[in-house]
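In what follows, a single structure is set out as structure tokens and then discussed.
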Amino acid sequence: MTTREIIAIEDRFGAHNYHPLDVVIEKAKGVWVWDVDGNKYLDCLAAYSAVNQGHCHPRIVNKAKEQLEKVTLTSRAFRNDQLPFLCKELCELTGYEMMLPMNSGAEAVETALKMARKWGYKVKGVEENNAEIICCTNNFSGRTISIISFSTEEQYKDGFGPFTPGFKIVPYGDVELLEQMISINTVALLIEPIQGEGGVIVPPEGYLQKAFEICRKNNVLFIADEIQSGLGRSGKLFAFEYEKIRPDAVIIGKALSGGCYPVSAVLADRALLGVFNPGDHGSTFGGNPLGAAIARESIKVLLEEKLVENSFEMGNYFRARLAEIKSKHVKEVRGKGLFIGVELYPEAGGARRFCEALKNRGLLCKETHTNVIRFAPPLVITKEEIDWAMEKVAEVLVME
């Protein structure tokens, strides 16, 4: 079937909760994908950073096949022989004492919210039902009711109230207002070290360090949402490492499974994750042996193939090449590692048309917050592939 025929089927039978570019991908390998009409594209989105290891990485695919023939799901009613080792390996890698596995990033965020509230009541001594969690403007952590309750994007909230109480919003990057907003009921600050959906916003230098110190001084948990910025995307294993802090908890997902299966987790010390008792929280699929086996191999690929280091090196090269392009449309190029945003002036007519023009030239990326083109290719990308992409980007950024 052709692209047009398949799109017609999706438009008829599928809910219209996304606005994708009109390309129908049928196979992928590394940084490249092919559509049903045989066209080849360089993927510069990496499924919103879920395929940091590259599409269909052979080691991860083989591990998935191997586990599929053994056991895929036991639920947490029984134990399996993969989850314990994923827990151990993640804790040894990151230095945290415990992990709690889930599936989607949003589920992991909900887990962290529950952990913070229960810690607030049982450990900090906040009066029951009064816990407050501080979040930042332009945040994005998912689309559940609780999560959109602290979103500042009106579209995410339109028609979905009433909203979950207990959240305060502070401008991203403003430490003075953060300190003023903390009360005796504040249990946590939930923050993205680099905001992805917000437009690849890198906070002012020193902001995370100061915010961390304020939280420490006030006995408030500092929870880093590294679902999109973590696991090598920023050129470090975690983006918070740029400011040499150790969050009280870290939320991870997306690339934790190399794009082969939904796996997420919350990492924290025993004093935090230890507040959960049997029955407090759970998931039928969370921690399943298939997902755990895939995640274990995905982490090994990241480390053994030095993809974090490649992200740092190629990210610097990618941004330098972008900065060379002279375009009246470009307001700013920013990012860390291979997490890059090109902000356009409003007069450019929005980033969507540039993304569509790039698609027509064989390069896939996606707009965010109307005026930002986000570039986030798999971390296996090479200089030669970046050079190829820059020819297309240069053509498009100078168009009228």
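If neighbour count is taken as other Cβ atoms inside 10 Å, put Thr111, Thr284 in order from fewest to most.
Ranked by crowding around the Cβ, least crowded first: Thr284, Thr111.
Could you tell me whether the stretch 278-355 comes out rounded, prolate or oblate from its Cα gyration tensor? Rule is a ≥ b ≥ c as square roots of the eigenvalues, rounded for a/c under 1.5, then prolate if a/b exceeds b/c, otherwise oblate.
Working: a/c = 4.05, a/b = 1.89, b/c = 2.14.
Cα axes put the stretch 278-355 in the oblate bin.
Ignoring everything except DSSP H segments at least 4 long, calculate the 222 nm mean residue ellipticity for the chain; use -39,500 (n - 2.57) per segment, divide by total residues, nearest 500.
Theoretical 222 nm ellipticity from helices: -10500 deg cm²/dmol.
Full-extension gain between Asn17 and Lys88, please, as 0.36 nm times their residue separation minus the C-alpha to C-alpha distance.
Answer, rounded to one decimal: 21.8 nm.
So if we plug the beta-carbon distance of Glu127 and Thr72 into 1/(1 + (r/R0)^6) with R0 = 60 Å, what FRET efficiency do we get, rounded to 0.05?
Here the calculated transfer efficiency is 0.85.
Return the long-range amide H neighbours of Leu363 (sequence gap of 5 or more, or a different chain), with a cut-off of under 5 Å between placed amide H atoms.
Amide H neighbours of Leu363, under 5 Å, 5+ apart: Leu42.
Which far-off residues, 5 or more places away or on another chain, put their amide H under 5 Å from the one on Val126, with H placed in the peptide plane?
Tyr121
Please report the antiparallel percentage of DSSP beta bridges with both residues in the chain, rounded to the nearest 5.
Here the antiparallel bridges make up roughly 65 percent for the chain.
State the Cα centre-to-centre distance between the stretch 75-120 and the stretch 213-230 in whole Å.
One Cα centre to the other: 17 Å.
Looking at the chain, which Cys residues are left with no other cysteine's beta carbon under 4.7 Å from theirs?
Cys56, Cys87, Cys91, Cys135, Cys136, Cys215, Cys260, Cys355
If one computes the Cα centroid of the stretch 323-400 and of the stretch 9-34, what distance in Å separates the two points?
The distance from the Cα centre of the stretch 323-400 to that of the stretch 9-34 comes to 20 Å.
Check Phe339: other-chain or 5+ apart residues with amide H under 5 Å from its amide H, H built from backbone geometry?
Here the answer is none, since no amide H 5 or more places off falls under 5 Å of that of Phe339.
Short version: what are the Cα gyration tensor semi-axes of the chain, square root of 5 times each eigenvalue, largest first, in whole Å? Let's see the in-between values first.
Values: eigenvalues 223, 139, 83 Å².
Semi-axis lengths for the chain are 33, 26, 20 Å.
Please list, by residue number, everything in the stretch 381-400 whose backbone N is under 14 Å from a paramagnetic label point 7 Å out along Cα→Cβ of Lys328.
Of the residues in the stretch 381-400, 397-400 have backbone N under 14 Å from the label point off Lys328.
Only the coordinates and a few stated rules stand behind these numbers; no lab work does. Small disclaimer: the values here were computed from a predicted structure and weren't measured. Backbone-built Cβ (ideal geometry, glycine too); neighbour counts: all protein chains shown.
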